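Participant: To start, I am sharing the structure in question, which I have written as structure tokens.
What follows is calculated from the coordinates using simple rules that are stated; it is not laboratory data. Predicted model, so just to flag it, every value in this text is computed and none were measured. Don't worry about glycine lacking a Cβ; one is built from the backbone with ideal geometry, like all the others, and counts go over all protein chains shown.
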Amino acid sequence: MKQLLKNLTKSLEGEISTDNKDLEYYSTDGGVFELTPTAIVYPIDTNDVSKLVKTVDKFHQNGNDKISLTARGNGTDQGGGPINTGIIVDFMKHMNQILEIGDDYVVVQPGCMYGRLQDELKSNGRYIPSYPASIEVCTIGGAVANNAAGEKTVKYGATRKYVDAIQVVLADGTVTWLHEMNDKQLEHRKSLPGLEGSIFKQLDKLISENYETIHNNHPHVTKESAGYALWKVKKNGHFNAAEVIVGSQGTLCFVTAIRMRTIELPDPNKVSLLVSYYDSIQKAGDAAKEIHELDPSALEVVDSNLINLVNSQKPELLKGLLPEDGHIPAIVLLAEFDNQNDSVRKQKEVEAKEIIHKYAYSSVVKHKPEQEMQMWKLRRSAAAVMWTIPGKKKALPIIEDGTVPPHKLTEFIKRAYEIFEKYDLEIAIWGHAGDADLHMQPFMDLSKAADRRKLFAMTDDFYKMVHELGGTAAGEHNDSLMRSAYRPLMFGPEMEKLFNQVKDIFDPENMLNPHKKVGVDFNFIKKHLRHEYSIESLAKLERQKAQETIDR
Ligand SMILES: Cc1cc2nc3c(=O)[nH]c(=O)nc-3n(C[C@H](O)[C@H](O)[C@H](O)COP(=O)(O)OP(=O)(O)OC[C@H]3O[C@@H](n4cnc5c(N)ncnc54)[C@H](O)[C@@H]3O)c2cc1C
């Protein structure tokens, strides 16, 4: 390792750190696992990333021990995606520039903070609507590598829909752009020497020979970030290898630049928000199903446990947000319509109100941006409030992204509550009702052996239930460590075999972010469970931002 670091110091322009404080910081992310790296590299540009990969590849070719390379944005992943042994490659320090803003696109380096990028786009009347709730604390590269999604995904889709092209550094150091191609372009790529040509040849063959398996064996949910999206690569006579890179968590290549499509920012004065309160899960689920048909731009859910939690920590946040009788509802739904045509939007509002009157016991409609913002606090402050709960029991992100077909939302919530009762867990539920993607984080104390044992028994039950409902373990937060272990349950052995082949095609030496996506077993993840979970390892900036999110 010493020799490798010496070689890297000579060949790279970016810094290298083996400082214990840095290693400790990079050993965790927003999740419950811990893996300590050997060094951190801060590349200054794509060429530096290429040199890094080539140097490590050569080190392996010379018969030395394997050293892995793992990309990192801002480490807000909640499942261990950016942590590993080996070398962590930090994209945030230097590779954080917006390179070009066009009328309907932007070219950006992966380490750019998503919030900064969005602010810049908004000042030009544009935006990327697939942003995650963590927009203020994550990078755009992390969002692309995770196929992140958020409150607007129900109408506008997830990150992959906005990725036009990706510049990558392959596992042999080759730099290339991936994007949609016609037959002629594909044939040209296949004819290239080295890893690039081999990737195009093998990927095309794999998909052609397994077309039926690929299209019949993935969960039919409206939001999916698990596995490798093979089902997206060949479409309408075109071939797009970038589809398999979006959501691949740095396990296939490094992303060094992204060209993304932007859309017009809706006029905030032409948006309606309907907030409705329900006394039963069944009624809220029935209402959500019907409102979903109206194509809302957001359809979000918050349960009574979350409201009680906010009430105990930040009661001022709830002022004016609940029905006047003071009764805490079992479920709150927030439905937003952003149709810019007034008569279309008003018609949607009328139809949504009819549905709400059938099922809800109370509701309000907001049309003014500042009033809407006030109501959104109820939903958006969820994660931030969770982070600030005192005591040893913490809200753990271990089952926080299960997603089922939208018509199974009611059954999903009911069965989740049954599991929490069985394990005697305190829990709150919030999330994206429109996509039936629910964020649940049970309160547990990882320093207690009993809680650690309970954790995996409970996750077994939870993911089995998600599978029975035809769902996926990861609607937007991706596989990372925990869900990589449960994904075979959702996709089955034939797809898992194909995922393993994809990894071999891109990264034959298993150098890039090993133990994620493929080759993960429970013994490994259990060994690396943290003994204490806190957000201390997240940067100060993140804590400040979390607090600002609450305060906003
Ligand atoms: C409070 C909270 C709320 C969240 N809400 C959401 C949400 O609403 N929706 C959602 O989708 N997620 C959410 N997340 C998860 C996470 O914040 C997002 O997925 C985010 O986009 C990750 O970005 P990051 O910069 O932190 O990436 P990191 O955590 O650093 O990395 C994520 C993955 O991307 C890979 N990666 C990073 N950069 C590159 C690169 N240049 N090349 C190749 N691979 C790379 C890493 O190896 C890792 O596997 C939330 C997290 C928290 C803590």
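Participant: Which of the peptides 185-194, 26-35, 443-452 is most tightly packed, and how do the rest follow, judged by the mean count of other Cβ atoms within 10 Å per residue?
Facilitator: Going by the mean number of other Cβ atoms within 10 Å, highest first, we get 26-35, 443-452, 185-194.
Participant: Order these peptides, 210-217, 483-490, 251-258, 351-358, by their mean beta-carbon neighbour count within 10 angstrom, highest first.
Facilitator: The densest-packed peptide leads the list: 251-258, 483-490, 351-358, 210-217.
Participant: Additional query: Quick check on my link table: of 51/122; 223/393; 414/503; 454/517; 454/503, which ones sit more than 26 Å apart, alpha carbon to alpha carbon?
Facilitator: Those over the limit are 51/122; 223/393; 414/503; 454/503.
Participant: Would you pull out the residues with amide H under 5 Å of residue 298's amide H, same chain only if 5 or more places away, H placed 1.01 Å from N?
Facilitator: Counting only residues 5 or more places away or on other chains, the set is 336.
Participant: Based on the mean of other beta carbon atoms within 10 Å per residue, what is the order of 126-134, 409-417, most packed first?
Facilitator: With the highest mean Cβ count within 10 Å placed first, the list reads 126-134, 409-417.
Participant: In addition: How large is ³J(HN,Hα), in whole Hz, for each residue of the stretch 259-267 in order, when computed from phi with the Karplus curve 6.51 cos²θ - 1.76 cosθ + 1.60 and θ = phi - 60°, using x for Gly and Pro?
Facilitator: Karplus values, whole Hz, x for Gly and Pro: 9, 10, 7, 10, 10, 5, 6, x, 5.
Participant: Also, I was wondering about something else. Work out from phi, with θ = phi - 60° and the Karplus expression 6.51 cos²θ - 1.76 cosθ + 1.60, the ³J(HN,Hα) of each residue of the stretch 418-431, listed in order in whole Hz, and give x for Gly and Pro.
Facilitator: Once rounded to whole Hz, the list reads 4, 5, 5, 5, 4, 9, 6, 10, 7, 7, 10, 10, 8, x.
Participant: Kindly write out, for the stretch 526-532 in residue order, the coupling ³J(HN,Hα) from the Karplus curve 6.51 cos²θ - 1.76 cosθ + 1.60 (θ = phi - 60°), rounded to whole Hz, with x marking Gly and Pro.
Facilitator: 5, 5, 10, 6, 5, 8, 8
Participant: Which far-off residues, 5 or more places away or on another chain, put their amide H under 5 Å from the one on residue 256, with H placed in the peptide plane?
Facilitator: Sorted by chain and number, the residues that satisfy this are 167, 168, 169.
Participant: Determine the calculated [θ] at 222 nm for the chain from helices alone, applying -39500 (n - 2.57) to every DSSP H run no shorter than 4 residues and normalising by the residue count; nearest 500 deg cm²/dmol.
Facilitator: Here the helix-only value at 222 nm equals -12000 deg cm²/dmol.
Participant: Can you list residues from other chains, or at least 5 along the same chain, whose modelled amide H is less than 5 Å from the amide H of residue 15?
Facilitator: Here the answer is 42, since their amide H atoms fall under 5 Å of that of residue 15.
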